Each structure stands twice: as C-alpha cells, then as structure tokens.
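Have a look at the structure below, then the notes.
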Amino acid sequence: MDNKLLLIILDGVPYRNFRRLFGNLEGWVDSGQARVWKHRAALPSTSASCYATIHTGVTPQEHGCTGNGNVFRLSHKDVFAQTRAAGGVTGAVAHSFWSEFFNRHPFDYVRDIEYDEPDSTSINHGRFHTMTGYGLVNQMTPSDVDLFATLTNLCLRHGLNYGMLHTCTLDSMGHRFFHESQEMDHACHVMDEMLAPFIPKWLAAGYEVIVTADHGQDDRGHHGGRGALQQETALYYFGPAEGPAPDVVIDQVQLAPTILHRLGAEPANTMKAKSFLS
C-alpha cells in the first residue's frame, strides 16, 4: 500500500464553532488548500456510538453500541482491519474506547496503554489514554499538542498508511462551559493553533488529512439527540481528491468507505455508503 491518510477527530465541536473559531482551518479553505463540508453524525450522537460508526460505516442500530456505557469489541469489519488486509500499517492515538472497539476488550491499563504489534490484524501501533477520574471540574485530558506530536512520531517511526487521532478536550470543555462562552472561544482557538503547525508536516510527508468531529454540542453542552447543534459538525479535507459540491452534507457512514477508497483498500461488504471523495 502506497497511499497514506490521517483522520483527526476533535471530539464534540458543532459546525458553527468550527466555521467561526478555527481560523487556520478556515484560512486554508479560503486559500484553496482545503475543502469543507457539513458532516452529520449518526444517532444517537453519543461519542462511543459515533466512534464505532465512523470506523465500521454502519449505524449504531447495526453495530450495537448505544452509548458510552456500552463499549465492547465490535464484530463488524472496520477501517483498521480493512487497511491491514490490504497490506497497510495502522496506528491510533486516542481514548481507550478505540482500543476496546477495534483491538481488545476490556482495556488493560498496563498492556494496552501503549503497544506496537506489527502482526495485528487491526491497530498495529496504539497510544491510548483513559481519562479515568473525568468529571465536571477535572477533565483528565492530555495536552493536544502532545497527542499531535505522538501521532507524528508514529508516522515517522513506523510508516503508517492510516493513522487516527482522537482528542476529547473540546467535548469536555463544552460539557463544562457550553459552546457559546468565552472559555470555549479560547479553547477552540488554542486547538486550532496547536493543530496548525502539524498539518503542513503531514502533507509534506505524503498524507491526505481529514479533520472533523464525531458530533457537535448544543447550547446546554449536550449531545446524543437529533438537534442540528448536537448532530452537525464540519469536515475539512486536505488532499488531491475531488469532492462533492460545497452544500452537500456528508453522512457519517460515508467516512469508512471514503478512507478505504483513498487508501486503496477494499471496503467491507457491510459498508454500503458511497465514498464522498473520488
């Protein structure tokens, strides 16, 4: 496999805050170096359910994860497995739910916090955090620049074809302060500023890059339901592929087949949606 792609998931960012507060991403849209679409999450628009949908290409009603309290090793084929089957190398820097969904369940703090498993049929190189102790006044989230640097390290050391990064910082801040607040304006600005220097590095290394969220958040810091603020986020794409018209809404089940299409891997037969990039 020669193609390479990175998926960056900034948990819990509504569409309007991506478009209003991420000046670097929007600047690349204005310059023509990136394109942006609205991305609609699956229902329930709950984090774990969306993580599972993004990588299996099926809805929660099919894969069975109904929320954050229902995490297990998924039975559906996924992006990691299909990339491995096509000869690619995979990596993930993310919350421990991702390891449980796509590698091993339950999560073992010692065994699974960091692993390099070249023969794995799912995630070869994993760096995970659990956010144990998370609550309203204690986010327990790593610094995002550390996460971006860790993904870059994995790319350089192990030649990832597919790398995924997930951070809960903005979701946690949104639950605490709600998204229309001075604190969230600043948090989104900091995220955008931390992410920006890495994107040119990834592009120079030959990666296509997708930046999006799993879901949004509403004015009370909630998500899980159908409201536009809860369900709609943005998706930014850096790469040479052709995409749909700017007003087209990307359905979350399209991400898995699209990523595999760009990598040159075969989507699973359960991934029925069409790729939005060609």
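Would you check if residue 245 is of a type in the set (A, V, I, L, M, F, W, C), open to solvent by 30 Å² or more (accessible area, probe 1.4 Å) and assigned to a loop (DSSP other than H, G, I, E, B)? Quick ask: steps written out before the conclusion?
Working: of a type in the set (A, V, I, L, M, F, W, C): yes; open to solvent by 30 Å² or more (accessible area, probe 1.4 Å): yes; assigned to a loop (DSSP other than H, G, I, E, B): yes.
So residue 245 passes the test.
Considering every residue within segment 134-145, establish whether at least one is within 21 Å of residue 255 (Cα to Cα) and out of contact with any Leu (no Cβ under 7 Å at 6 or more places or on another chain).
Going through segment 134-145, the residues within 21 Å of residue 255 (Cα to Cα) turn out to be none.
Scanning segment 134-145, I find no residue that is within 21 Å of residue 255 (Cα to Cα) and out of contact with any Leu (no Cβ under 7 Å at 6 or more places or on another chain), so the answer is no.
If we keep just the residues of segment 72-113 that are hydroxyl-bearing (Ser, Thr, Tyr) and farther than 19 Å from residue 258 by Cβ, which is farthest from the chain's Cα centre (by Cα)? It would help to see each step written out before you state the result.
Initial filter on segment 72-113 (hydroxyl-bearing (Ser, Thr, Tyr)): 75, 83, 90, 96, 99, 109.
Remaining after also requiring farther than 19 Å from residue 258 by Cβ: 75, 96, 99, 109.
Working: 75: 20, 96: 13, 99: 13, 109: 22 Å.
Applying the filter and picking the extreme gives 109.
Working only within segment 176-195, note down all residues that are within 19 Å of the chain's Cα centre (by Cα) and either open to solvent by 10 Å² or more (accessible area, probe 1.4 Å) or not hydrophobic (A, V, I, L, M, F, W, C) (or both).
Taking segment 176-195 first, the residues within 19 Å of the chain's Cα centre (by Cα) are 187-195.
Residues satisfying the conditions are 187, 189, 190, 192, 193, 194.
Being part of a loop (DSSP other than H, G, I, E, B) and open to solvent by 20 Å² or more (accessible area, probe 1.4 Å) is the filter here, so list the residues in segment 248-278 that pass it.
Of everything in segment 248-278, those that are part of a loop (DSSP other than H, G, I, E, B) and open to solvent by 20 Å² or more (accessible area, probe 1.4 Å) turn out to be 248, 264, 266, 267, 269, 270, 272, 273, 274, 275, 278.
Of a type outside the set (Val, Ile, Thr) and either crowded, with 21+ Cβ neighbours inside 10 Å or under 19 Å from residue 14 (Cβ atoms) (or both): does that describe residue 164?
Details: of a type outside the set (Val, Ile, Thr): yes; either crowded, with 21+ Cβ neighbours inside 10 Å or under 19 Å from residue 14 (Cβ atoms) (or both): yes.
Yes: the conditions hold for residue 164.
What are the residue pairs meeting all of these: first residue in segment 177-194, first residue under 14 Å from residue 216 (Cα atoms), second residue surrounded by 15 or more Cβ atoms within 10 Å (Cβ to Cβ) and of a type in the set (Phe, Trp, Tyr), Cβ atoms under 6 Å, and 6 or more apart or on different chains?
184/177
For residue 24, which of the numbered conditions (1) in contact (Cβ under 8 Å) with a residue 60 or more places away in the chain; (2) open to solvent by less than 30 Å² (accessible area, probe 1.4 Å); (3) outside any loop (DSSP other than H, G, I, E, B) fails to hold?
Evaluating residue 24 over (1) in contact (Cβ under 8 Å) with a residue 60 or more places away in the chain; (2) open to solvent by less than 30 Å² (accessible area, probe 1.4 Å); (3) outside any loop (DSSP other than H, G, I, E, B) leaves (2) as the failure.
Within segment 213-239, restricting attention to residues that are within 23 Å of residue 35 (Cα to Cα) and part of a loop (DSSP other than H, G, I, E, B), which residue is most open to solvent (accessible area, probe 1.4 Å)?
Let us first name the residues in segment 213-239 that are within 23 Å of residue 35 (Cα to Cα), namely 213-217, 228-239.
From what is left, the residues that are part of a loop (DSSP other than H, G, I, E, B) are 213-217, 239.
Values: 213: 0, 214: 0, 215: 0, 216: 0, 217: 2, 239: 29 Å².
Going through the qualifying residues, I end up with 239.
Does residue 210 satisfy the criteria of being closer than 16 Å to residue 10 by Cβ and assigned to a strand (DSSP E or B)?
yes
What's the total number of residues in segment 73-116 that are without any contact (Cβ under 8 Å) to a residue 40 or more places away in the chain, closer than 12 Å to residue 51 by Cα and of a type outside the set (A, V, I, L, M)? Lay out the reasoning, then the answer.
Step one: of segment 73-116, the residues without any contact (Cβ under 8 Å) to a residue 40 or more places away in the chain are 73-75, 96, 99-100, 103-115.
The next check asks that each one be closer than 12 Å to residue 51 by Cα; those that pass are 74, 96, 99-100.
Checking which are of a type outside the set (A, V, I, L, M) leaves us with 96, 99-100.
Matching residues across segment 73-116 total 3.
Looking only at segment 13-72, how many residues end up being touching a strand residue (DSSP E or B) at 6+ places or on another chain (Cβ under 8 Å) and among the basic types (Lys, Arg)?
Summing the residues that are touching a strand residue (DSSP E or B) at 6+ places or on another chain (Cβ under 8 Å) and among the basic types (Lys, Arg) in segment 13-72 gives 4.
Only residues that are over 28 Å from residue 245 (Cβ atoms), among the polar types (S, T, N, Q) and touching a residue at least 60 places away in the same chain (Cβ under 8 Å): list them for segment 36-72, please.
Within segment 36-72, 46, 47 meet the criteria.
The values are calculated or read from the model by the stated rules, or taken from the named source; none is laboratory data. These numbers come from a predicted model, not from an experiment. We place every Cβ from the backbone using ideal geometry, glycine too, and count neighbours over all the protein chains shown. Only protein heavy atoms, including side chains, enter the accessible area calculation; ligands, DNA and RNA are left aside. Shrake-Rupley method; radii C 1.70, N 1.55, O 1.52, S 1.80 Å.
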